[in-house]
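The values are calculated or read from the model by the stated rules, or taken from the named source; none is laboratory data. None of these values were measured; they are calculated from a predicted model. In this analysis, Cβ positions are derived from the backbone assuming ideal geometry, glycine residues included, and neighbour counts consider all displayed protein chains. With ligands, DNA and RNA removed, areas are computed over all heavy atoms of the protein, side chains included. Shrake-Rupley method; radii C 1.70, N 1.55, O 1.52, S 1.80 Å.
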Amino acid sequence: MVFDFNSDLAQEYGIYKNEAAYEIAEYVSSVNISAGFHAGDPLSIKQALEFAKMKNLAVGAHIGYPDISGFGYRNMDMKEDEIEATVIYQLGAISAFANTLNIDIEHVRCHGAMYEKLNNDPEFAKQVAAAVKKFNPWLNLIVGNPEIKAEVEKEVQINCSYEVLFNENMSIRQLREMPVKPDTIHFTTLENVKRAYDVIKPSPINYNRVKEQI
């Protein structure tokens, strides 16, 4: 069984840089590029997309709450129209940059407090998914809860990928033996991604080549 490995890029802003993220990204098959609300300024987004193109990595938008000062870790009580606008705005930012490099964005991954809420609140997850679908019905939403994934896919009719967050206590063998096997594995440290890469070489999920299908 082959897994997708994913990690985050452009998690920086202005003078605050994160070069370690590029070391991790050397071992993954897809990257999630911060879209400017929790992190990611225009230059860091551009550089991340150029890196992804050079490495032939699948590209996704990494979206979060409008919370630069809190790095997107603070929960926000948003109405449905606010959620939709927040999601579409960030997808538009990454998509516009990607178009200049002839890159398609293929998936969406939430960040921080938005990620936690997506994986614990089915109604919120469906609202985010509906906004993603409105922007582009071929995009793939990454979800870390298999039950919510199934509910979103059924009710919103959008493709979702089940994600597991890899830590120092995990192994690829354990993931292969899980009752519900993940589609993609998220990495935050160089040590963990290198350890997993030594066992198996990752391959992107068959997200969809979005431009040709709209």
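Ranking Lys126, Lys181, Lys154 from most to least accessible surface, computed with a 1.4 Å probe over the protein chains only, gives Lys154, Lys181, Lys126.
Over the alpha-carbon set of the chain, divide Rg by the Kirkwood Rh and report the Rg/Rh ratio to two decimals.
Working: Rg = 15.9 Å, Rh = 17.1 Å.
Looking at the chain, the ratio lands at 0.93.
Dipole size of the chain about its Cα centre, with +1 on Lys/Arg Cβ and -1 on Asp/Glu Cβ: approximately 520 debye, rounded to the nearest 20. For Lys117, the lysines whose Cα comes closer than 28 Å to its Cα, not counting residues fewer than 8 places off in the same chain, are Lys17, Lys79, Lys126, Lys133, Lys134, Lys149, Lys154, Lys181. With protein chains left intact and a 1.4 Å probe, residues in the chain average 48 Å² of accessible area per residue. In this rough spin-label picture, where each label sits 7 Å from Cα along the Cβ direction, the Glu26-Glu116 distance is 3.3 nm. Largest to smallest in accessible area, the residues Asp198, Asp121 fall in the order Asp198, Asp121 (1.4 Å probe, all protein chains included). Expressed as a whole percent, the accessible area of the chain that falls on carbon and sulfur atoms is 51 (1.4 Å probe).
All Cα-Cα distances of the range 121-183, cut into 5 Å bins from zero to the largest, leave 4, 18, 27, 19, 13, 10, 8, 1 percent in each bin in turn.
Which FRET efficiency, nearest 0.05, do Lys194 and Glu80 yield, Cβ-Cβ r, R0 35 Å?
On the way: r = 42 Å, r/R0 = 1.19.
Once the sixth-power term is evaluated, E becomes 0.25.
Scattering from the C-alpha atoms of the range 1-127 alone, worked out with Debye: what is log10 I(q)/I(0) at q = 0.16, 0.20, 0.22 1/Å? Log-scaled intensity ratios, in q order: -0.75, -1.13, -1.31.
Provide, as a two-decimal number, the C-alpha radius of gyration of the range 60-139 over 2.2 N^0.38 Å, N being how many residues it has. Before the final figure, lay out the partial values.
On the way: Rg = 12.3 Å, N = 80, 2.2 N^0.38 = 11.6 Å.
Taking the Cα Rg and dividing by 2.2 N^0.38 Å, one obtains 1.06.
Working with all protein chains in place, sort Val152, Val2 by solvent-accessible area computed with a 1.4 Å probe, largest first. Don't jump to the answer; show the numbers that get you there.
Numbers: Val152 0, Val2 95 Å².
Accessible-area ranking of Val152, Val2, largest first: Val2, Val152.
For a quick check, take a GNM of the chain with Cα springs below 10 Å and name the residue from Glu177, Glu23, Glu84 with the largest mean-square fluctuation. Result: Glu177 has the largest fluctuation of those listed. Taking the alpha-carbon distance from Lys194 and a cut-off under 19 Å, which lysines remain once sequence neighbours fewer than 8 residues away in the same chain are dropped? By straight Cα distance, Lys194 reaches Lys55.
Counting 0.36 nm for each residue step from Ala150 to Asp41 and taking away their Cα separation leaves a gain of 35.9 nm. Averaging the Cα positions of each part gives two centres, and for the range 91-139 and the range 153-210 these lie 18 Å apart. Give a quick list of trypsin sites (Lys or Arg not before Pro) in the range 32-97 that DSSP marks as loop, anything other than H, G, I, E or B, with at most 16 other Cβ atoms within 10 Å. Filter output for the range 32-97: Arg74, Lys79.
Within the chain, which complete DSSP H helices have Cα atoms spanning at least 24 Å along the helix axis and a mean Kyte-Doolittle hydropathy of 1.0 or higher? Length and hydropathy pass: none found.
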